[in-house]
1. Spot the failing condition for Lys117; the list is (1) modelled with pLDDT of 50 or more; (2) open to solvent by 80 Å² or more (accessible area, probe 1.4 Å); (3) in a loop (DSSP other than H, G, I, E, B), and only one is missed.
2. Which condition does Met1 not pass, out of (1) modelled with pLDDT of 95 or more; (2) loosely packed, with under 12 Cβ neighbours inside 10 Å, if it passes all the others?
3. Among all residue pairs at least 6 apart or on different chains, which show Cβ distances below 6 Å where the first residue, located in segment 78-106, is assigned to a helix (DSSP H, G or I) and open to solvent by 70 Å² or more (accessible area, probe 1.4 Å) and the second is among the aliphatic types (A, V, I, L, M) and at pLDDT below 90?
4. Are any residues in segment 57-77 open to solvent by less than 80 Å² (accessible area, probe 1.4 Å) and assigned to a strand (DSSP E or B), and if so, which ones?
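The values are calculated or read from the model by the stated rules, or taken from the named source; none is laboratory data. These numbers were taken from a predicted model, which means no experiment stands behind them. With ideal geometry, Cβ positions are generated from the backbone for all residues, glycine too; neighbour counts draw on all protein chains shown. We work out accessible area using only protein heavy atoms, side chains counted, and drop any ligands, DNA or RNA first. Shrake-Rupley method; radii C 1.70, N 1.55, O 1.52, S 1.80 Å.
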Amino acid sequence: MNDVEKTHPPVPNTSPMEEFPLGDVRVRYFLAVCEHASFSLAAEACGVSQPSVSTAVRRLEKAVGGRLFERRHPIRMTSLGVQLRPMLAEMQAIAARIAEFLYHQRPGGGGWNGGDKSVPEAVAGDGMGRPCAPEP
């Protein structure tokens, strides 16, 4: 075991998003409520209590400045919720891709982790195939 592995050992049985929680839990719970059309089913799917999901969604609503759901049976998204859902889903997907990348870059993960290996193009550039800084 090298010095890095001693200070940052791999965590067994974790997913990338558990090890590198880059996504916003408020967004995760909002998307789960959208998917399940129920706060209680979303909570069950996320492995948390229903009040945790409700609190997170209320906090997200406060952050975006409006209600995302009409809280009646059956639950329905507001127009704001409908408009934000694809953007928030994309944001969550990006966070998941970053977490996946970082998960595989950690020591012992089998991917790039520094040393004498070259930096992958996606990291060296802006993600669009362009370098971060203009070449001289």
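1. Failed condition: (1).
2. (1)
3. Matching pairs, first to second residue: Ile98/Leu22.
4. Once the filter is applied, which keeps residues that are open to solvent by less than 80 Å² (accessible area, probe 1.4 Å) and assigned to a strand (DSSP E or B), segment 57-77 yields Phe69, Glu70, Met77.
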